[in-house]
1. Quick one: pull the percent of accessible area on the chain belonging to carbon and sulfur, 1.4 Å probe, ligands and nucleic acids left out.
2. Given a 1.4 Å probe, how much area per residue of the chain is accessible, in Å²?
3. Output ³J(HN,Hα) for region 110-118: one whole-Hz value per residue in order, computed from phi by the Karplus curve 6.51 cos²θ - 1.76 cosθ + 1.60 with θ = phi - 60°, and x for Gly and Pro.
4. Counting pairs of alpha carbon atoms under 8 Å apart in space and at least six apart in sequence, what relative contact order in percent does region 1-108 give?
5. Among F123, S54, Y145, pick out the residue whose Cα is farthest towards the positive end of the charge dipole of region 44-175, where Lys and Arg carry +1 and Asp and Glu carry -1 on C-beta, about the Cα centre.
6. Have a look at the chain and give its Rg and Dmax from the Cα atoms, expressed in angstrom.
7. Which residues' amide hydrogens lie under 5 Å from the amide hydrogen of L75, considering only partners 5 or more residues apart or on another chain, with H built in the peptide plane?
8. Which aspartates and glutamates, on any chain, are close to K166 with Cα under 18 Å apart, when same-chain ones fewer than 8 places away are left out?
Amino acid sequence: FIARGEVFVTSVDGSLTKRITNTPEQERFVEFAPDGKSLVYSSERNGRWQIFKSSKLRAEEPFFFASTLLKEEPLVEVAVDAYLPKFSPDGKKLAYIEGRRSLKVLDLSSKSSVTLMGPDLLFHMSDGDQYFTWSPDSKWLLATYSPTMTNSEVVLLDATGKNPMKRLTQSGYAD
């Protein structure tokens, strides 16, 4: 969880809490990796949002909240803002927003990324206002698409970026 701009992890019963970050900058949009051994978050460093990962270093410490050694590393470093990271369920890819108006998917092993929705399709009002979620098989993303200011639709996106988006709703109302 985030408290006062810092990342914390706590045990389920709340008896132990560990502070993960200690920066003068703000952190947001935290989530665990599917394997539970690391977490990802956005941090506003050097005047722009970037995506970082903190991982447990000692295998003999099974719980993140009780880990003694952590390693923080940048996961997405670009010249524009990058935030709202979401791991795919298989842990091999990371979806995120770049430049506030592009939905991208990063392959974590090859470090290559594809753009699923660009500035022509993604509208930005405030940080974190874009909605997208992974399919259980890590092959697709559902996202909100707003063809007009008064209407939003649900679209299906191929995580490889090879197939065009499919509009699942066309109701004329916000979906």
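The values are calculated or read from the model by the stated rules, or taken from the named source; none is laboratory data. No experiment lies behind these values; they were computed from the predicted model shown. Virtual Cβ from ideal backbone geometry, glycine too; neighbours counted across all protein chains shown. For the accessible areas, the whole protein counts, side chains as well, though only heavy atoms, and no ligand, DNA or RNA atoms are used. Shrake-Rupley method; radii C 1.70, N 1.55, O 1.52, S 1.80 Å.
1. 52
2. Working: 9600 Å² over 175 residues.
Spelled out: the 1.4 Å probe surface of the chain, per residue, equals 55 Å².
3. 8, 6, 8, 10, 10, 9, 8, 9, x
4. Details: 231 pairs, mean separation 20.9, N = 108.
Value for region 1-108: 19 percent.
5. Towards the positive end, the residue furthest out is S54.
6. 17.1, 54
7. Those lying under 5 Å, H to H, from L75 are I51, F52, K53.
8. Those aspartates and glutamates meeting the cut-off are D120, D137, E153, D158, D175.
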